[in-house]
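Worksheet: one structure, shown below.
Only the coordinates and a few stated rules stand behind these numbers; no lab work does. From a predicted model like this one, the values you see are computed outputs, not experimental measurements. Cβ: placed from backbone, ideal geometry, glycine included. Neighbour counts: every protein chain shown.
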Amino acid sequence: MRQFGYGVLPDELVERAFKVYGDAVRHYERNELSEAEELLSQVLQLNPNAAPALQLQARIMMQLERYDEAISLLSRLLELRPDDAESYFEFGLALERTGQRRRAIDAFKKAIKAAASLSSQPEWFSELKARCELLESELSREQELRSQQEKQKEVEELLHLADVYESSGFLRRAKDYLKRALELDPDNASLAIRIAAIDIELGNISEADRLLRLIEEQHPDSVAEVQRLRGKLSHRAQ
């Protein structure tokens with residue numbers, strides 16, 4: 001009865017909330033979710049902090065796939081039960097269903113921590129740690145992919161600017177953009193070759209020679225292009 005406000009709210013109100021909650025539980029056990037939901041709403045009107053009603057209503061919202069409503073209810077419940085393992089677990093499930101995996105991981109970790117101190121662990125306890133690790137791995141891969149895509153987009157933008165300046169005869173500006181692109185994509189042999197070619201055109205003999213040596217060491221499959229540029233370099237150095 002204490003969870004329904006006994007000692008805080010008028011006894012008559014508490015008794016009514018407790019009775020309506022009992023009716024809601026019976027409907028829920030018969031899988032009559034709409035009826036249970038309506039009765040639980042009445043309980044929460046009588047006492048918005050009735051923790052059992054919040055928890056059962058959240059479970060119904062999960063079953064009905066109304067995950068945002070479940071999250072709202074469970075957030076309220078966790079304010080009342082800040083150390084409740086089951087509430088954190090269900091909160092994590094609702095967050096995961098709405099794609100909020102980072103928040104779900106945090107909720108699951110709190111569930112694990114809270115459950116570890118219980119004399120009897122919930123059935124989900126042994127598998128939840130592995131689930132967290134899987135979610136973190138998925139997030140890490142997605143973050144890495146987004147980072148690669150953003151980097152590739154930036155490289156493409158820099159290459160476009162380099163093309164514009166090189167075609168207009170502004171070789172030094174083109175080289176600057178190519179060097180910035182190479183910093184983002186250091187294994188791109190074609191970028192290094194273009195920079196070396198511009199250095200040859202600009203008469204930067206030592207810089208071109210150094211870069212061609214580096215390309216030979218790091219990209220042996222580019223030997224034909226390097227040899228072609230070395231021919232131009234020799235001619236330019238004469």
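Would you work out if region 145-237 is rounded, prolate or oblate? Take a ≥ b ≥ c from the square roots of the eigenvalues of the alpha-carbon gyration tensor; rounded if a/c is under 1.5, else prolate when a/b is larger than b/c, oblate otherwise. Before the final figure, lay out the partial values.
Working: a/c = 2.63, a/b = 1.38, b/c = 1.90.
It is oblate, given that a/c is not under 1.5 and a/b is not larger than b/c.
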Open item on the list: What's the magnitude of the charge dipole for the chain around its Cα centre, counting Lys and Arg as +1 and Asp and Glu as -1 at the beta-carbon? Answer in Debye, nearest 20.
Closed with: 700
TODO: Mind sorting out which of (1) 125; (2) 136; (3) 210 is the real volume of the Cα convex hull per residue in Å³ computed from the coordinates?
DONE: (3)
Task: Positive dipole terminus of the chain, leading residue within Ala115, Gln148, Ala58 (C-beta point charges) - done: Gln148
TODO: Go ahead and estimate [θ] at 222 nm for the chain from helices alone: -39,500 (n - 2.57) per DSSP H run with n ≥ 4, summed, over the residue count, rounded to 500.
DONE: -26500 deg cm²/dmol
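Classify region 72-138: rounded, prolate or oblate, from the alpha-carbon gyration tensor (a ≥ b ≥ c, eigenvalue square roots; a/c under 1.5 rounded; otherwise prolate if a/b is larger than b/c)? The partial results should precede the final answer.
Values: a/c = 2.22, a/b = 1.09, b/c = 2.05.
The shape class here is oblate.
Expressed as a rounded percentage, what relative contact order does the chain have, with Cα pairs under 8 Å and six or more residues apart?
Details: 235 pairs, mean separation 19.8, N = 238.
Normalised by residue count, the contact order of the chain is 8 percent.
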